[in-house]
Every structure is written in structure tokens, then in C-alpha cells.
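Working notes, beginning with the structure itself.
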Amino acid sequence: MKPPRKLHIKSYGCQMNVYDAQRMVDALAGEGFVETAHADVADLVILNTCHIREKASEKVYSELGRLRAAKQEAARNGREMKIAVAGCVAQAEGEEIIRRAPVVDVVVGPQSYHHLPQLLQRATHEGRAIETEFPAEDKFVYLPQPKPDAIRARGISAFVTVQEGCDKFCTFCVVPYTRGTEVSRPVARIVDDVKRLADNGVREITVIGQNVNAYHGEGVDGRSWTLGRLLHRLAEVPGIVRPRYSTSHPSDVDETLIAAHRDLPVLMPFVHLPVQSGSDRILAAMNRKHTVHDYRNVIDRFRAVRQDIAFSSDFIVGFPGETEEDFSATLALVAQIGYAAAYSFKYSPRPGTPAAEIRETVSATDMDERLARLQELIDSQQTAINRAAIGSTIDVLFERAARNAGQIVGRTAYLQPAHVMAPPDIIGQVLPVRIDSLERYSLLGELAPSASAHFSRPESSQITIGA
Ligand code: SAM
Ligand code: SF4
């Protein structure tokens, strides 16, 4: 029997890439590859790249520089190392990658991962293989399913891609170009995937998509189903105790999604709903298709059916033309909504997007200063929510042994990490925990007899807007 070949995947960027990396491992398991955590000893290294900001794409080239040395060292030891670039940089730059980094053997776009075995063979025979077209067939139909032991090794929480691509064309964003137009997977296939995960120990699933609430897959009745209907169906899968979804667009929140939060107690009351800016002028320039008023209305509709719901968001500071007044409107919106968490980024011009053509840019100093003020505000909200948990008893889904001996770590409904001293057999269970203290962003506590509701939204008056 041939010894297994070693595969190392390094993923950058979003949850979609985390999921894709696992599917690439599954696709290559059939070719005799097993995963290794060390690039230096690998027979195949895949960089699963992100193109969303300039920093993310440039990281790929510095990593390829390091891999060049590792590949030369492997060759000196009589071993062949292949290097593949996958993900959105592969899709956007194609051949250019090999021109800048001739060490690369395979370039593969996100829609072609089911072709990886053939592309590796082609690279062996022809020296190089590049595939960045959008193939006519659905890669999900051809990608092999993970083996039960692979699912178990990945833990009790899993992502499942249900939708890919985006038709929104926000003026700053490369996603519609790198991931293509919106495509939704059929309900029956998603349900099969989720059942297989649940049968092998998965307790929490997050259905993901670039714009997940634009989901419109074929339902079991042959009609187009919304995300709300899909969530109703997934909540029925035995073993799945915590369904979640991400990332949603404010304009695509429909009544079926609101109804899912009203009707499904298991649907986690935590919604990632990016707004990007609190200024209508900037939202229009971003082509976001919603105003601040629309966004607040959507938040109110969620809160009307479930008071304990919490929100997170994405923000871009320093979009071309953003004034101090626009930025203050963003701070005001954050203060008003009260986020449990949020990601904030400095605007990064992306080649080929309309915003990259706008001349009126914001200085690097202003961007840095605005980002720091926004992050300070978001951080104070997150800390207020974490502090409010102290003294209450909360349900925690336990995931794995923590770094500290004897501790097990899990997550609350709002994805706050929670640590307790307990035996490892609690992994996979949802148990009440009495929260005693806070260490940075982690809650510390002990197992308790029963849970009580704990979420308290920070009042606007408690929040100090950064100076
Ligand atoms: N579909 C999601 C939505 O509409 O909010 C966002 C998906 S995008 C992969 C993740 C986040 O990256 C965005 O919400 C945005 O905040 C950020 N982002 C995208 N393009 C960016 C750019 N050119 N510069 C800075 N941040 C950017
Ligand atoms: Fe990008 Fe999200 Fe806008 Fe689509 S909706 S273009 S993924 S930011």
C-alpha cells in the first residue's frame, strides 16, 4: 500500500473559505491525501485565499515567497512539493499568479474544487494547471461527502454552504466578480448534508452564504424556498440543537425569516446584519440598497418577535468621500442599536470595483483615527453585554477541552466563549452555567442546575461615544 500523501491547507478570509477548505480535504482524501498542520513536510500545499481587501490578497504573495524556499528544500531531499492557489485571489488573478510566483503549480477558482484531482494530474503532466471558469455543473453535486471520522474530528459545530455568490454589487466589493451570481442549493441536498453531520455528532450548524438570506433554493415541493422555510426544515433534524445562519443583507430580510425567529426556539437569537455605514449619503454611494431608517426598521421587526435577540455587524470606515459628519452618523447608529459584536475595516480600494474609481479619498490618518473610535465604541458595548452576564445562569453548548487543564469551553447563544471546570463528557451538550467572572472576552463559571435568560441590551445612555 502506498503511504498517504500529506496535504496542508492554509485558509484566509471568511467562513465560506473555512467550509471550502474542508470540502477540498474531502475531495483529496480519495486521492490518498491526509491533512498535516505543517507546510514544510507537505506533498501538497493549498493557499485558500481572500481578495476582499488589499492586505488579504498581498498576504498570499508573501506566503508564496516562504513556500518557494520550502519547495526547494523538499526538492533537495528528493521530495516533490506541489503548490496550489485556491479561493478568490485565484479567481480574480488567474494566470497573473503564476507570472508573479512561478513556484505555483495549480490555480483553481472556488467553483472548481471538485476538479482538484484532475488539475493535480494535469500539473504533473503539463507543468501547470489553471481553472478559473465557472463550470456549468454544480460543484456540490460532485464534491465527495466527508467520511464519518472526518466529521467527528472537526467537532460539534459545522458550517454548511447553502448559497453562493451575490447580485447586489455594492460599489466597494469584489464578491460578485470572484464568487459570481447568486446560486442556491436545493433543500433536499442541504437536509441530507445536515443529517449526515448530526448523525456523526454535530450539534450546531451555521448555514452560510455570501448573502444567505437571498436563499431561494428548490424546496421539497418543487417550489422556491426562502431561508426562513429552510431554517424551519433544518430545525426538525434530530440532533441539531442550535441552527444559525450568516451573513444576511438588511434588504433581504423577509417575513419568513422573522417568523422563523418567532416560531423556532432553537434558532439562535444572534443575527449578523452588516450595515457598513450610518450615513444615508454613504450608503447610497456604496449602492447598499437600504437607508439607515430601513435598517433600523429591520432591527425593530426582529426585536418585536424576540426580545432577547442580539446583533452584530460589519462597518467600513473611510469610504471615499466619507466626512466627519458621515462618520458621526455611524457612531450614532452604533450607539442606538447596541451591538453584541462587530467587525470594522478601513476601506480598501479593489481593482475593478466602481468605488476604486472615486477620486475623493479619505486620508490614512483620518481612517486610522475613525477606526480606533469606532472600535472603542463597539468594544465598550461588547464588554457591557459580557459584564451583564455575570451573576446569571446561561445555556452553553460545550465544544472542546480548553488550553487550561481540566477546563471545557463552549459558547453561549451569542457566541461568547464560556469556560467551566468539568469532565470532557459534557462536550456536545447544552448545559446551564452560572457565570462568575469575565476574563477579557471569555465568561468563566460553573455548571448550574438550570438556566435563566440573561441578555440585556446596553442602554444608549451607558455608552460613551469615542472622542
Ligand atoms: N455580504 C455581506 C454584506 O453584504 O454585508 C458581506 C460580505 S463581505 C465578504 C465581508 C465584509 O467585508 C463586508 O461586510 C465589508 O464590511 C467588508 N469589505 C468588503 N469589501 C471591502 C473593501 N473594499 N474594503 C474594506 N472592507 C470591505
Ligand atoms: Fe459584497 Fe455583501 Fe454587497 Fe454582495 S451584499 S456585494 S457580498 S458587501
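Each value in this text was obtained by applying a stated rule to the coordinates, not by laboratory testing. Predicted, not measured: the structure shown is a model, and the values here were computed from it. Every residue, glycine among them, receives a Cβ derived from its backbone with ideal geometry; neighbour counts consider all protein chains shown.
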Discussion item. Assuming 0.36 nm per residue, please report the length gained on full extension of the stretch I426 to K10 beyond their Cα-Cα distance.
Written reply: 146.7 nm
Practice prompt. Among the lysines, select those whose C-alpha is under 24 Å from the C-alpha of K55, and discard any that sit fewer than 8 residues away in the same chain.
Written response: K10, K168, K346
Worksheet entry | Cys with no candidate disulfide partner in the chain (beta-carbon separation under 4.7 Å rule) | C14, C50, C88, C166
Discussion item. Looking only at segment 149-245, where both bridge partners belong to it, what percent of the DSSP beta bridges are antiparallel (to the nearest 5)?
Written reply: 25 percent
Worksheet entry | Rel. contact order, % - alpha carbon contacts under 8 angstrom, at least six apart, the chain | 10 percent
Practice prompt. Tell me the Kirkwood hydrodynamic radius of segment 202-299 in angstroms, computed as one over the mean inverse distance between distinct C-alpha pairs.
Written response: 14.4 Å
Worksheet item: How would you rank S224, S348, S279, going from fewest to most other Cβ atoms within 10 Å of each one's own Cβ?
Response: S224, S348, S279
Worksheet entry | Per DSSP, loop GluC sites (Glu not before Pro) in segment 1-70 with at most 14 further Cβ within 10 Å | E31
Worksheet item: Which whole-percent values make up P(r) of the chain when all C-alpha to C-alpha distances are grouped in 20 Å steps starting at zero?
Response: 22, 55, 22, 0
Discussion item. Per q in 0.16, 0.18 Å⁻¹, report the Debye log10 I(q)/I(0) for segment 279-392, using one uniform scatterer on each alpha carbon and no solvent.
Written reply: -0.80, -0.98
Worksheet item: Taking trypsin sites (Lys or Arg not before Pro) as exposed when DSSP calls them loop (any state but H, G, I, E, B) and at most 10 other Cβ atoms lie within 10 Å, what is the longest stretch of the chain free of them, the sites themselves excluded?
Response: 1-222
Worksheet, complete the sentence: Within the chain, the percent of DSSP beta bridges that are antiparallel, given to the nearest 5, stands at 35 percent
Practice prompt. Percent of Cα-Cα pairs per 5 Å bin, from 0 to the last occupied bin, for segment 9-159, please list those.
Written response: 2, 9, 19, 23, 23, 14, 8, 2, 0
Worksheet entry | Helical segments meeting 24 Å axial Cα length and Kyte-Doolittle 0.5 threshold in the chain (DSSP H) | none
Worksheet item: Per residue and in cubic angstrom, what volume does the convex hull of the Cα atoms of segment 3-97 have?
Response: 97 Å³
Worksheet item: At q = 0.08, 0.11, 0.21 Å⁻¹, what log₁₀ I(q)/I(0) does a Debye calculation on the Cα points of segment 86-239 give, no solvent, two decimals?
Response: -0.28, -0.53, -1.29
